[in-house]
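Just below is one structure, and these are the notes that go with it.
The values are calculated or read from the model by the stated rules, or taken from the named source; none is laboratory data. These figures come from a predicted structure and were not determined experimentally. Counting neighbours? That spans all protein chains shown, and the Cβs are built from the backbone with ideal geometry, glycine included.
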Amino acid sequence: MSMRFTSKAVGALGATAVGMAVLYAWRRKTEDPVIDQPPPMEEREGRAAPAITRQESRADVRPRGTEHRDIRRARYMWLVFAASSTLTVVAPLAIHYGDSVAAAICLLGGMVLSAVILRGPERRYSRVLTGVSAVLFALQFVVAALSTVWVILSLAGAPALLEVSIFGVSAFGIMVCLAVTWLPEWRYAEPLALGLIAVILGALCFPGLSIINQQIAPPFSTGAALLFAAGKPDQQVKLYVSVAGLDSFSGQQSELFQVSNLSAHPVRWALLAAGGACLSTYSVSRGVRIRHITGSGIGLNTSQDVAASQLFSGDLSAGSTAVISGTAEENFADSTSDQTAVSLPSYGQGVLSVLSAATQKYVTRALDAPPVFMSPDDFTTQIDAGSVFPLQSVTSASLAPVDDPSVPDTLEWTIHNAVPISYAITDQEAQDGINNFLFAFAVLLGVAGAAMMASLQGAIHASLSRSKSKRRQHPENSSSR
């Protein structure tokens with residue numbers, strides 16, 4: 001259930017409450033006042049009043065003044081109805097301001113007040129009040145049920161699932177308690193109520209347990225950013241790649257490419273960004289040219305085809321640098337509350353043989369000559385994926401990051417060939433919080449199990465007591481057996 005649907009539902013509840021208040025005011029205006037009647041003629045003359053006939057119901061014989069008390073009670077119950085409607089209207093306002101706990105308390109409080117009106121200790125109210133209270137309670141329960149289902153289906157985190165589990169079982173418990181009051185003489189009413197609450201509580205706990213114990217895998221990346229250079233094979237060129245935003249849940253990562261000429265002579269270069277490494281929005285240094293290539297194929301150890309790629313090119317004088325930055329089109333990370341899995345595209349020196357024939361022509365044309373392959377001593381790729389926090393640790397990596405004692409928490413790699421890098425990070429502080437929520441869900445499951453055992457025990461006791469009562473009513477049948 002979305003926030004918009006919640007607002008509409010609560011608006012309908014508010015409109016219902018206002019309409020019922022207007023109806024009550026109209027009824028009060030048209031209603032004849034109740035005046036105490038004088039005593040019967042028999043009492044004034046000292047004679048005894050006639051006895052009540054069998055056709056008359058003794059429930060109709062009520063002391064004088066009870067009409068006034070019933071009207072006062074009805075007035076109080078209308079105030080209770082107004083309070084229930086107000087709490088229901090306040091619930092979405094609390095959600096709007098980000099306080100889901102207050103919203104849950106308001107909605108549950110409204111349900112309790114509506115239940116008191118329907119099945120409270122005093123039930124001599126008008127039919128209008130009972131009817132509108134029943135409608136209000138039904139709408140409150142529907143909103144609570146849909147809210148619980150929506151939070152579960154939205155794959156929220158463990159805190160939200162724990163809150164919605166408690167909220168959902170509380171709303172269902174109020175509804176079950178209200179329904180049981182219509183079955184006061186049935187022996188199995190209490191065991192049935194306990195069993196239903198136990199089943200609902202257990203069902204609400206399992207989604208939280210599945211999310212807590214889920215395992216994530218790095219997303220599969222088909223992209224690559226390959227650097228080509230024309231000139232001498234012994235020229236020195238460096239490619240620096242920085243990827244930011246890997247620790248966020250927004251799924252937006254940014255890439256920065258920095259091509260540096262470490263030689264003493266000019267170098268012409270071309271950077272091919274393909275697949276997920278392409279930039280949706282970008283900015284380039286002065287003098288950098290760009291060409292968009294569509295329908296080209298690029299295969300890195302596979303025969304995959306990439307529908308589009310970008311070719312950045314330019315000239316670098318001795319000791320100069322060109323910078324290209326922007327937002328990546330592909331998501332490189334998958335995160336949960338305590339784990340982050342990252343799969344980066346292939347960054348490094350490119351080889352024409354892995355490109356399609358059309359893309360080879362574009363690269364050669366941008367360089368005005370075929371590219372040369374530089375040795376690992378002359379070409380270096382440095383990849384910077386940010387850093388980890390003190391309580392985070394790298395649990396697995398396809399290639400171990402550089403161990404720099406001066407900066408121990410950085411995620412950097414220095415490679416000479418274009419290879420994809422994947423790794424996973426675990427947050428120990430978040431893992432401790434997950435363990436606490438796991439303990440809370442275990443406690444709730446224990447409560448559900450205890451309630452189920454109590455329900456079974458009550459059902460068995462009710463069955464045995466029923467058998468005993470039948471034997472007492474028909475002792476001759478039991479003796480004959």
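Annotation note: Cβ proximity below 7 Å between a residue of the range 100-117 that is under 16 Å from V80 (Cα atoms) and a residue that is surrounded by fewer than 17 Cβ atoms within 10 Å (Cβ to Cβ) and of a type in the set (G, A, S) (sequence gap 6+ or interchain) occurs for L113/A83.
Set side by side, the residues T414, T395 differ, and just one is farther than 20 Å from N331 by Cα, within 40 Å of the chain's Cα centre (by Cα) and at pLDDT 85 or above, which is T414. Among strands (runs of 3 or more DSSP E) entirely within the range 253-361, having at least 1 residues that are within 22 Å of A229 (Cβ to Cβ) and at pLDDT 85 or above singles out 254-261, 267-274, 279-284, 289-294, 308-316, 321-328, 339-349.
Does T381 satisfy the condition of being touching a Gly at 6+ places or on another chain (Cβ under 8 Å), among the polar types (S, T, N, Q) and surrounded by 17 or more Cβ atoms within 10 Å (Cβ to Cβ)? If you could, list the steps in order and put the result at the bottom.
Numbers: touching a Gly at 6+ places or on another chain (Cβ under 8 Å): yes; among the polar types (S, T, N, Q): yes; surrounded by 17 or more Cβ atoms within 10 Å (Cβ to Cβ): yes.
Yes.
Can you confirm whether the range 376-398 contains a residue that is out of contact with any Pro (no Cβ under 8 Å at 6 or more places or on another chain) and part of a helix (DSSP H, G or I)? No, the range 376-398 contains no residue that is out of contact with any Pro (no Cβ under 8 Å at 6 or more places or on another chain) and part of a helix (DSSP H, G or I). Out of all the residues in the range 112-126, is one or more part of a helix (DSSP H, G or I) and either at pLDDT below 80 or under 27 Å from I434 (Cα atoms) (or both)? Yes: the range 112-126 contains one or more residues that are part of a helix (DSSP H, G or I) and either at pLDDT below 80 or under 27 Å from I434 (Cα atoms) (or both). Residues in the range 238-246 include at least one that is surrounded by fewer than 20 Cβ atoms within 10 Å (Cβ to Cβ), at pLDDT below 85 and under 35 Å from the mean Cα position of the chain (by Cα).
Quick check on this structure: which one of P401, P420, P390 is farther than 30 Å from L194 by Cβ and surrounded by fewer than 12 Cβ atoms within 10 Å (Cβ to Cβ)? Walk me through it before giving the result.
Numbers: P401 fails: surrounded by fewer than 12 Cβ atoms within 10 Å (Cβ to Cβ); P420 fails: surrounded by fewer than 12 Cβ atoms within 10 Å (Cβ to Cβ).
None of the others qualify; the one that does is P390.
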